[in-house]
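Worksheet: the structure to be examined is printed underneath.
The values are calculated or read from the model by the stated rules, or taken from the named source; none is laboratory data. What you see is a predicted model, and the numbers here were worked out from it, not measured in a lab. Cβ: placed from backbone, ideal geometry, glycine included. Neighbour counts: every protein chain shown. With ligands, DNA and RNA removed, areas are computed over all heavy atoms of the protein, side chains included. Shrake-Rupley method; radii C 1.70, N 1.55, O 1.52, S 1.80 Å.
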Amino acid sequence: MHCGRCGTPLEKPGDYCLTCRTGNCDAVVLDCSRERATLTFLDEDAVLGETTVTTMPETDEESGVVELRNFAGRVADEVRRKRPETVYAAGDRDVIRETRAQLHYEFYRVRDDDPVAAVVESRGERTLEVVEASPGEKLGGSHTTIIGGRKGRKAIGVVAGHPHVKKIIPGPIDAGGKGSRTSLRAKVTRADGNGNVRFLLRDGSSVQENRVVTTAMDRETGERVRDDLNDALADAELRPAD
């Protein structure tokens, strides 16, 4: 493949051109298992090519941590070759979580059954506005206390860090619920007609319902944001399995 701007031969399809400093790939789709990651490179709706990175998982816990980090690092290196605008991922949560930690691109989870088709389909829909404000700038309202201590603040940071979240308005704390010994649990509820969602935090007997204003324009697009937020909370180990 050659660069679409200056015609320089590229080592791999979709590589960023170092001659004219032009990107040739605007999205990368990751389909990850614990042993293998397939990366598909897109330019709008066109598939430019794909590559596969494999590993041999270690059975020893300590060695396994290093092996997973190295595996994710090799996947991240392939993504960096493209310098895409957005990365989409499906599959093994541990691999995705570690890869995401090593990248600094917009990063979204997509359905596992056919991630490339899911991305192509979603990219044909109206694009949601991206909010450039920092997570701290998105927190507002009259209530400033967040339940759950450090984990509660981490959960708020995960939601506030999403590019399609405009503002989080913390709600009052209800401490009258049934007691529980479980640690903090976080969940984003079904979107309303305007695309906004509710973000529930539960810590023992305390419950806090926080309003999240998104850039979604209706319930359908709000549900896409909700799913992505819940996946991000699960990746951060803040949301229990359903």
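A few points about this structure:
- Listed conditions (1) touching a helix residue (DSSP H, G or I) at 6+ places or on another chain (Cβ under 8 Å); (2) open to solvent by less than 70 Å² (accessible area, probe 1.4 Å); (3) touching a residue at least 40 places away in the same chain (Cβ under 8 Å) are all met by Arg93, apart from (2).
- Selection status of Leu233, in contact (Cβ under 8 Å) with a residue 24 or more places away in the chain, crowded, with 22+ Cβ neighbours inside 10 Å and not charged (D, E, K, R): no
- Any chance Val225 is within 27 Å of Ala89 (Cα to Cα) and either touching a helix residue (DSSP H, G or I) at 6+ places or on another chain (Cβ under 6 Å) or surrounded by fewer than 19 Cβ atoms within 10 Å (Cβ to Cβ) (or both): no
- Note on region 38-80: residues that are among the small types (Gly, Ala, Ser) and farther than 26 Å from Gly4 by Cβ total 4.
- Those residues of region 1-44 which are under 25 Å from the mean Cα position of the chain (by Cα), under 14 Å from Pro84 (Cα atoms) and of a type in the set (D, E, K, R), in sequence order: Asp15, Asp26, Asp43, Glu44
- Against the criterion of being surrounded by fewer than 19 Cβ atoms within 10 Å (Cβ to Cβ), closer than 20 Å to Arg224 by Cβ and in contact with a strand residue (DSSP E or B) (Cβ under 7 Å, 6 or more places away or on another chain), Thr86 qualifies.
- Sole exception among (1) over 25 Å from Ala89 (Cα atoms); (2) open to solvent by 40 Å² or more (accessible area, probe 1.4 Å) for Asp218, by number: (1)
- Just so you know, in region 96-137 the residues that are modelled with pLDDT of 90 or more and surrounded by fewer than 16 Cβ atoms within 10 Å (Cβ to Cβ) include one that is farthest from Glu61 (Cα to Cα), and it is Glu137.
- Strands (runs of 3 or more DSSP E) completely within region 1-110 that count 3 or more residues being not aliphatic (A, V, I, L, M): 36-43, 46-54, 86-91, 106-109
- Residues in region 85-97 that are in contact with a Phe, Trp or Tyr (Cβ under 8 Å, 6 or more places away or on another chain) and of a type outside the set (A, V, I, L, M): Glu85, Thr86, Tyr88.
- For region 14-33, the condition holds for no residue, the condition being that it is open to solvent by 60 Å² or more (accessible area, probe 1.4 Å), modelled with pLDDT of 95 or more and touching a Phe, Trp or Tyr at 6+ places or on another chain (Cβ under 8 Å).
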